[in-house]
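Down below is the structure, laid out as structure tokens.
The values are calculated or read from the model by the stated rules, or taken from the named source; none is laboratory data. Treat the numbers as computed from the prediction; the structure is a model and nothing was measured. Please note: Cβ atoms are built from the backbone with ideal geometry, for glycine as well, and neighbour counts cover all protein chains shown. Accessible surface areas use protein heavy atoms only, side chains included; no ligands, DNA or RNA. Shrake-Rupley method; radii C 1.70, N 1.55, O 1.52, S 1.80 Å.
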Amino acid sequence: MTARQRRMLLVALMVIGVGAAAAFALSAFQDNLLYFYSPSDVTAGKAPADRTFRVGGMVTEGSFHRPTGSMEATFVLTDYSHNVTVRYSGVLPDLFREGQGIVARGKLDPDGRFVAEEVLAKHDENYMPPDVADSLKKQHQDAVRKSQPAT
Amino acid sequence: MTVELGHFALILAFCLTLPQAFFGLAGAAWRKPHWMALTRNAVVGHFVLTAIAFVCLMRAFYLNDFSVLYVAQNSNSELPTMYRLAATWGAHEGSLLLWLLVQATWTLAVAAFSRSIPEVVTSRVLGVLGLISAGFALFILTTSSPFERLWPAALDGRDLNPLLQDPGLIIHPPMQYTGYIGLSVPFAFAIAAMLEGKLDSVWARWVRPWTNVAWVFLTCGITLGSWWAYYELGWGGWWFWDAVENASFMPWLIATALIHSLAVTEKRGLFKSWTLLLSITAFSLSVLGTFLVRSGVVESVHAFASDPTRGLFILTFLAVCSGSALALYAWRAPLFRTDTGFAPVSRESVLLINNVLLVGATLLILLGTLYPMFLDALDLGKISVGPPYFNIAFLIPMLPMLLLLAPGMHAGWKRASYERTGRTLVLLLGVAIVAGLVLSLAVYGWHSVMTTVGFALAVWIGLAALMDPVSRLIRKQSLSASIVGMSVAHLGLALFVLGVATTESYRSETDLSLRPGQTAELSGFQFTMTKLGEVAGPNYDAIESEIRVTRDGEEIAVLHPQKRTYRVQKNPMTEAGIDSRWTRHLLVSMGSPLGDGAWSLRLQYKPMVQFIWFGAFTMALGGLIAATDRRYRSRVTADATVSTTTGVKAA
């Protein structure tokens with residue numbers, strides 16, 4: 001092999017290496033994108049059935065149930081127009097409580113309930129996760145639009 | 001009155017940055033010694049005034065002066081004195097003032113420790129640093145003054161965020177800032193070199209210790225942050241890949257690349273424009289990090305200020321800083337071309353690959369961090385990128401880098417032969433593979449190929465790092481601080497890899513319900529809840545449980561995890577109970593009451609987790625040792641090592 005051929009081989013190998021690495025990285029990127037849906041999106045069937053995603057809303061007052069001594073909790077998330085029932089087994093975040101905005105990550109089960117792997121609430125009394133705030137605002141606007149009589 | 005005095009001092013400090021910048025840059029351009037001397041005076045004055053402003057604010061915290069808005073928002077008379085003082089940088093306004101003070105300190109350090117550097121260069125560097133200080137001082141004065149009064153004064157303050165009431169908070173932010181801002185020094189040196197049109201090995205020798213020290217602080221800052229999140233957030237993760245962590249990690253990666261690229265620039269006069277570009281990028285990423293954290297585009301513990309005008313100011317500042325630096329680069333970079341070649345197998349090649357991989361890793365992290373923000377800003381949907389992406393994306397470039405590290409450390413410049421070291425390296429590789437197999441099969445039990453590879457790489461790198469110093473000691477050769485530093489830093493990396501591989505492969509955790517008298521088991525340890533009661537702290541009340549940990553009937557530890565409620569902000573906080581041994585951590589965190597005296601608990605077993613932080617601190621120690629090398633302190637007039645000085649006749 002001449003020096004030139006050797007150099008070309010080196011370049012080719014590097015291109016293949018970088019290409020493969022980029023392909024790996026991008027497929028990992030694609031696989032790990034978590035989409036955010038509101039309870040209305042979920043009820044409307046917009047959320048994927050077989051994929052992990054995030055859902056966010058307010059925990060409905062009086063909807064939290066956990067049998068005494070058990071870790072299995074269920075509660076209802078709402079955006080004030082539709083509801084999603086969430087099941088979660090594990091330690092809930094410190095600021096989880098009814099009336100608080102939270103985000104849950106997980107999958108839908110065949111009954112249309114959301115099985116959460118993780119529940120997030122922020123460490124601030126007045127905090128509402130921005131995603132939740134946006135989706136609530138949208139629902140509110142839609143509701144206002146619907147309630148106005150058509151002209 | 002002192003508060004007004006502080007505000008006034010801050011205004012004067014801003015005013016002084018302007019002559020510092022002007023006389024620094026103009027004095028150097030027109031070669032006026034008097035102007036350049038004035039720059040130094042401005043630097044000292046700016047430092048003194050910023051320090052006065054900072055002390056005034058701290059005094060307001062100490063005296064519980066709740067007529068100051070910032071104090072009323074972030075302190076409380078019940079807060080212990082130590083945290084009251086630390087609360088000075090506990091939120092946006094004060095932390096920016098700390099930022100400015102740190103910037104002033106770096107500038108003063110450059111002015112003081114530049115005896116071996118020509119006055120023209122120092123003057124330019126101080127000038128550029130003056131411009132940066134001016135930007136930040138203006139930012140504080142126009143958008144985030146901590147000196148604003150509150151009328152009528154509050155009776156008591158709203159208290160410091162309980163998450164931040166921790167010794168870790170006292171040192172983490174100053175360390176982190178010192179690192180971030182320290183990167184402005186190589187940035188300023190890069191600008192100075194481009195303005196001068198001259199960049200040689202001597203220049204690299206001036207920049208190297210500064211870059212090292214900034215990198216050391218950044219390493220310590222990030223490590224402390226990780227450690228703090230681990231025990232203070234109470235849930236036992238050491239790295240979450242959240243946007244703020246990434247924002248601090250990206251400049252670190254680029255600074256690491258810069259350290260290695262500077263080595264080539266110093267020793268061989270190569271990679272000059274690349275080094276310049278890295279210097280610019282490292283500081284730009286620090287500012288980008290500040291933007292992400294301060295503008296409220298990301299949500300996290302750190303994002304305390306979501307004010308669009310602040311975000312806009314920093315974004316403009318970033319655009320001006322990096323924009324003008326890159327424009328200068330585009331204009332001047334052709335001057336720094338070099339024709340010296342090197343063989344495909346040589347230290348230059350290895351360091352080039354190291355740089356490509358580090359920059360690649362940074363780009364992948366940048367993609368994962370910014371992509372969701374772009375989509376959100378363009379209203380194209382809300383997504384987040386999960387940690388698995390970052391784990392994979394980071395591992396892809398890091399694995400080849402770790403593989404090349406051991407042979408790379410022993411590659412010679414120009415052309416590596418491996419005549420002397422090859423045999424030993426292969427021998428060490430053999431030892432490493434055996435050690436990796438023993439660790440993964442006999443000690444912890446088989447987990448995966450990657451785990452074994454991780455173990456073997458860690459051992460190989462660790463041994464290879466020790467090879468050089470040990471052989472030199474045996475042959476009674478001199479050992480320079482540079483070599484010791486490099487070996488220690490790489491040994492630190494090996495320890496870090498060992499810690500990560502073990503923790504991530506063999507950790508176990510479980511969430512369960514426990515009431516007093518009940519026992520649970522995890523990884524061969526029995527956890528028995530023996531007591532549950534209330535305790536009161538200085539500014540919080542807590543429910544504390546006592547957990548006795550036993551193994552085969554033998555008591556190992558008694559842990560006291562708490563669930564605290566801070567009286568002012570009413571936030572519940574989880575204080576994990578941790579039993580710490582060299583080889584593992586056991587963590588118990590309390591969740592919430594489940595009724596009937598039962599509590600939800602999270603039990604965790606984390607083998608070797610301390611090696612993660614220990615390894616990172618060892619890396620930092622290595623960087624510090626390397627920065628003390630004697631050749632950085634001797635005055636060099638002519639370029640002795642390389643004769644590829646790029647002179648410039650006209651610009």
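Observations
- Among the residues of the range A:56-69, those identified as out of contact with any helix residue (DSSP H, G or I) (no Cβ under 8 Å at 6 or more places or on another chain) and part of a strand (DSSP E or B) are A:VAL59, A:HIS65.
- In the range B:415-450, the residues that are buried (at least 20 other Cβ atoms within 10 Å of the Cβ) and either over 17 Å from B:LEU403 (Cβ atoms) or polar (S, T, N, Q) (or both): B:THR421, B:LEU439, B:SER440
- Restricting the range B:581-596 to residues that are touching a strand residue (DSSP E or B) at 6+ places or on another chain (Cβ under 8 Å) and more than 14 Å from chain A (Cβ to nearest Cβ), the residue that is farthest from A:ALA73 (Cα to Cα) is B:THR583.
- Within the range B:613-635, the presence of at least one residue that is away from chain A (no Cβ under 14 Å), more than 22 Å from B:LEU491 (Cα to Cα), out of contact with any Phe, Trp or Tyr (no Cβ under 6 Å at 6 or more places or on another chain) and of a type in the set (Gly, Ala, Ser) is confirmed.
- Apart from one condition, B:ALA576 fits all of (1) out of contact with any helix residue (DSSP H, G or I) (no Cβ under 7 Å at 6 or more places or on another chain); (2) within 30 Å of A:PRO67 (Cβ to Cβ); (3) more than 11 Å from chain A (Cβ to nearest Cβ); the exception is (1).
- Of the residues screened, B:SER523 is not one that is under 32 Å from the mean Cα position of the chain (by Cα) and of a type in the set (Ser, Thr, Tyr).
- Single condition B:TYR566 does not satisfy, out of (1) within 14 Å of chain A (Cβ to nearest Cβ); (2) at pLDDT below 90; (3) open to solvent by 20 Å² or more (accessible area, probe 1.4 Å): (3)
- Members of the range A:82-96 that are β-branched (Val, Ile, Thr) and either in contact with a Cys (Cβ under 8 Å, 6 or more places away or on another chain) or within 14 Å of chain B (Cβ to nearest Cβ) (or both): A:VAL91
- Looking only at the range B:569-621, and only at residues there that are touching a Leu at 6+ places or on another chain (Cβ under 8 Å) and on the phi > 0 side of the Ramachandran plot, the one that is least open to solvent (accessible area, probe 1.4 Å): B:MET608
- B:PHE66 being closer than 24 Å to B:PRO152 by Cα, among the hydrophobic types (A, V, I, L, M, F, W, C) and in a loop (DSSP other than H, G, I, E, B): yes
- Residues of the range A:70-90 that turn out to be closer than 27 Å to B:TRP599 by Cβ, assigned to a loop (DSSP other than H, G, I, E, B) and open to solvent by 20 Å² or more (accessible area, probe 1.4 Å), as a count: 2
- Subset tally (residues that are hydrophobic (A, V, I, L, M, F, W, C) and either buried (at least 22 other Cβ atoms within 10 Å of the Cβ) or assigned to a loop (DSSP other than H, G, I, E, B) (or both)) for the range B:497-528: 5
- Hey, B:GLY412 over 30 Å from B:LEU292 (Cα atoms), open to solvent by less than 80 Å² (accessible area, probe 1.4 Å) and in contact (Cβ under 8 Å) with a residue 24 or more places away in the chain or not: yes
- Cβ-Cβ contacts under 6 Å between residues 6 or more apart (or on different chains), taken from a first residue in the range B:193-208 that is more than 20 Å from B:ARG631 (Cα to Cα) to a second residue that is open to solvent by 30 Å² or more (accessible area, probe 1.4 Å) and not in a loop (DSSP other than H, G, I, E, B), are listed as B:GLY197/B:LEU335.
- Qualifying residues in the range B:538-554 (those that are β-branched (Val, Ile, Thr) and under 24 Å from B:TYR506 (Cα atoms)) - the one surrounded by the fewest Cβ atoms within 10 Å (Cβ to Cβ): B:THR550
- Flag if B:SER324 is in a helix (DSSP H, G or I), surrounded by fewer than 19 Cβ atoms within 10 Å (Cβ to Cβ), within 12 Å of chain A (Cβ to nearest Cβ) and of a type in the set (S, T, N, Q): no
- Of all the numbered requirements in (1) within 9 Å of chain A (Cβ to nearest Cβ); (2) touching a residue at least 60 places away in the same chain (Cβ under 8 Å), B:TRP599 misses one, and that requirement is (1).
- If the condition is being of a type in the set (Asp, Glu) and over 14 Å from the mean Cα position of the chain (by Cα), then the range B:202-245 contributes B:GLU232, B:ASP242.
- Count - residues of the range B:343-382 that are in a helix (DSSP H, G or I) and farther than 28 Å from B:LEU405 by Cα: 8
- Residue within the range B:71-92 that is among the aliphatic types (A, V, I, L, M), closer than 22 Å to B:GLN165 by Cα and in contact with a strand residue (DSSP E or B) (Cβ under 8 Å, 6 or more places away or on another chain) present: no
- Within the range B:357-367, being touching a helix residue (DSSP H, G or I) at 6+ places or on another chain (Cβ under 8 Å) and either open to solvent by 20 Å² or more (accessible area, probe 1.4 Å) or without any contact (Cβ under 8 Å) to a residue 12 or more places away in the chain (or both) holds for B:LEU357, B:VAL359, B:GLY360, B:LEU364, B:LEU366, B:LEU367.
- Those residues of the range B:368-405 which are free of Cβ contacts under 8 Å to residues at least 60 places away in the same chain, open to solvent by less than 40 Å² (accessible area, probe 1.4 Å), within 24 Å of A:GLY17 (Cα to Cα) and more than 8 Å from chain A (Cβ to nearest Cβ), in sequence order: B:MET398, B:MET401
- Condition check for B:SER480: among the polar types (S, T, N, Q) and either open to solvent by 20 Å² or more (accessible area, probe 1.4 Å) or closer than 23 Å to B:ALA263 by Cα (or both): yes
- Checked against (1) closer than 21 Å to B:THR275 by Cβ; (2) open to solvent by 30 Å² or more (accessible area, probe 1.4 Å); (3) of a type in the set (Gly, Ala, Ser), B:ALA333 meets all criteria but (2).
- Residue in the range B:71-82 that is among the acidic types (Asp, Glu), open to solvent by 40 Å² or more (accessible area, probe 1.4 Å), assigned to a helix (DSSP H, G or I) and over 16 Å from B:TYR177 (Cβ atoms) present: no
- Selection status of A:ALA47, free of Cβ contacts under 8 Å to residues at least 60 places away in the same chain and open to solvent by less than 70 Å² (accessible area, probe 1.4 Å): no
- So B:ALA557, is it out of contact with any Phe, Trp or Tyr (no Cβ under 8 Å at 6 or more places or on another chain), among the hydrophobic types (A, V, I, L, M, F, W, C), in a strand (DSSP E or B) and surrounded by 14 or more Cβ atoms within 10 Å (Cβ to Cβ): yes
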